[in-house]
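Visitor: One structure follows; several queries about it will come next.
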Amino acid sequence: MALTKKQISKKINHKIGIAALEASRIVDSFFDELKNAVKNNEIVKLTLFGTFKTIKKNERVGRNPKTKETAIIERRKIVSFNPTIKLKNKVNKKTQ
């Protein structure tokens, strides 16, 4: 099951007790800032969570595994996320 922005807004609404519309604006604002930072090649470090950064990939030759046909994969940017060790341990249920 996926956690949506709407669900995050509802959780903030219930946990903090602010208006639902205000919680939604806060969540939207957070993700807008995250998108803008990554778009501008900034590194975004969220303490106890992880780091988002933009990586530039060079042009390369790729192959369709089904047809074995080769094609050029153009230069592009991708977003990379590296979780903190604490988050990794929590996901793997290790205490630290």
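Visitor: Most exposed first by the Cβ proxy, i.e. fewest other Cβ within 10 Å, how do THR67, THR84 rank? Walk me through the numbers on the way to the answer.
Guide: Working: THR67 8, THR84 15.
Starting with the residue having the fewest Cβ neighbours, the order is THR67, THR84.
Visitor: If you don't mind, another one. Please state the shape class of segment 1-40: rounded when a/c is under 1.5, otherwise prolate if a/b exceeds b/c and oblate if not, all from the C-alpha gyration tensor. Walk me through the numbers before you get to the answer.
Guide: Values: a/c = 3.39, a/b = 1.69, b/c = 2.00.
Oblate is the answer for segment 1-40, as a/c is 1.5 or above yet b/c matches or exceeds a/b.
Visitor: Moving on to the next point. Rank by packing, highest mean first: peptides 54-60, 5-11, with packing defined as the count of other Cβ atoms within 10 Å averaged across residues.
Guide: Per-residue Cβ counts within 10 Å, averaged per peptide and sorted highest first, yield 5-11, 54-60.
Visitor: In addition: For the chain, what does -39500 (n - 2.57) per DSSP helix run (n ≥ 4), summed and divided by total residues, give at 222 nm, in deg cm²/dmol to the nearest 500?
Guide: -13000 deg cm²/dmol
Visitor: Calculate the tail of P(r) for the chain: the fraction of all Cα-Cα distances greater than 24 Å, expressed in %.
Guide: For the chain, the fraction of Cα-Cα distances above 24 Å is 48 percent.
Visitor: Restricting to Cα pairs below 8 Å that are 6+ residues apart, what does the relative contact order work out to for the chain? Please round to a whole percent.
Guide: Working: 107 pairs, mean separation 17.9, N = 96.
Dividing the mean separation by the residue count of the chain yields 19 percent.
Visitor: Using amide H atoms built in the peptide plane, which far-off residues or other-chain residues are under 5 Å from ILE73 H to H?
Guide: Counting only residues 5 or more places away or on other chains, the set is ARG60, VAL61, GLY62.
Visitor: Just to compare against my own numbers: the Cα pair-distance distribution for segment 41-96, 5 Å bins, whole % per bin, please.
Guide: Pairs per bin, as whole percents: 5, 16, 14, 14, 12, 11, 12, 11, 5, 1.
Visitor: Another one. Just to be sure I understand the model, the point goes 7 Å from the Cα along the line to the Cβ. What's the resulting GLU74 to LYS88 distance in nm?
Guide: Here the modelled spin labels are 3.5 nm apart.
Bear in mind that the values in this text are calculations on the coordinates, not laboratory data. Keep in mind the model is a prediction, meaning the values are calculated, not measured. So basically every Cβ, Gly included, is an ideal-geometry build from the backbone, and we count neighbours across all protein chains shown.
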